[in-house]
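K.L.:
Have a look at this one.
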């Protein structure tokens, strides 16, 4: 069964591939997902749900092997401060659960910011809107489908 995110791409006639993988509560991180769908971690983007002090809810896509730099996101959005939304609030805001947040098809249309490194890759992997399913598509197509803003958002992951 296709997710709302996949149907959004279908409506826009955007080429993509769905890849299913085995879900494990211990391996919801993007690096584990990347391995399971045979994509490099730097081309597997996690969608984070954040909230800015001025703009409200913001979705941010950063590479699986990196972290979101909150200062960079705040600068890109015009906020003074941006923070993660509590895990318990993710589903009520987006309709998705942690580990299955897609940059497309959330309950409400939130601004989406994608780290510019996505464009270093021919294709990127993002959640299709449920755990165990990824969409592989061209970064330009993701940007177009989500009306996303490209910005410098990532920093190296802390060990």
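K.L.:
Could you run through region 129-159 and say how many residues are farther than 20 Å from residue 94 by Cα, modelled with pLDDT under 95 and outside any strand (DSSP E or B)?
P.N.:
Residues that pass the stated criteria total 3.
K.L.:
Let me ask something additional. If residue 109 passes every condition in (1) without any contact (Cβ under 8 Å) to a residue 12 or more places away in the chain; (2) within 13 Å of the chain's Cα centre (by Cα) but one, which one does it miss?
P.N.:
(2)
Per-residue answers, yes or no, for (1) more than 23 Å from residue 82 (Cα to Cα); (2) within 15 Å of the chain's Cα centre (by Cα):
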residue: 20; (1), (2): yes, no
residue: 25; (1), (2): yes, no
residue: 35; (1), (2): yes, no
residue: 45; (1), (2): no, yes
residue: 49; (1), (2): no, yes
residue: 53; (1), (2): no, no
residue: 58; (1), (2): no, yes
residue: 61; (1), (2): no, yes
residue: 64; (1), (2): no, yes
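K.L.:
Would you mind telling me which numbered condition in (1) under 24 Å from residue 9 (Cβ atoms); (2) at pLDDT 95 or above; (3) part of a loop (DSSP other than H, G, I, E, B); (4) more than 13 Å from the chain's Cα centre (by Cα) residue 79 fails?
P.N.:
Failing condition for residue 79: (1).
K.L.:
Against the conditions (1) in contact (Cβ under 8 Å) with a residue 24 or more places away in the chain; (2) under 22 Å from residue 27 (Cα atoms); (3) surrounded by 15 or more Cβ atoms within 10 Å (Cβ to Cβ), where does residue 84 fall short? Just the number, please.
P.N.:
Here residue 84 meets the rest and fails (3).
K.L.:
Right, here's the next one. For residues that are surrounded by fewer than 20 Cβ atoms within 10 Å (Cβ to Cβ), in contact with a helix residue (DSSP H, G or I) (Cβ under 6 Å, 6 or more places away or on another chain) and closer than 18 Å to residue 151 by Cα, tally how many sit in region 1-56.
P.N.:
The qualifying residues number 1.
K.L.:
Next up: Please find, within region 22-52, the residue that is nearest to residue 74 (Cα to Cα) out of those that are assigned to a loop (DSSP other than H, G, I, E, B) and either at pLDDT below 95 or touching a strand residue (DSSP E or B) at 6+ places or on another chain (Cβ under 6 Å) (or both). Step through it out loud before you land on a result.
P.N.:
Of the residues in region 22-52, the ones assigned to a loop (DSSP other than H, G, I, E, B) are 22-24, 28-29, 37-40.
Going one step further and asking which of them are either at pLDDT below 95 or touching a strand residue (DSSP E or B) at 6+ places or on another chain (Cβ under 6 Å) (or both), we end up with 22-24, 28-29, 37, 39.
Details: 22: 35, 23: 32, 24: 32, 28: 26, 29: 24, 37: 31, 39: 29 Å.
Within region 22-52, the match that is nearest to residue 74 (Cα to Cα) is 29.
K.L.:
Among the residues in region 53-69, are any in a helix (DSSP H, G or I) and in contact with a strand residue (DSSP E or B) (Cβ under 7 Å, 6 or more places away or on another chain)?
P.N.:
To start, the set of residues in region 53-69 that are in a helix (DSSP H, G or I) comprises none.
Within region 53-69, not a single residue is in a helix (DSSP H, G or I) and in contact with a strand residue (DSSP E or B) (Cβ under 7 Å, 6 or more places away or on another chain).
The values are calculated or read from the model by the stated rules, or taken from the named source; none is laboratory data. Bear in mind that the values here come from a model prediction, so they are computed numbers and not experimental data. With ideal geometry, Cβ positions are generated from the backbone for all residues, glycine too; neighbour counts draw on all protein chains shown.
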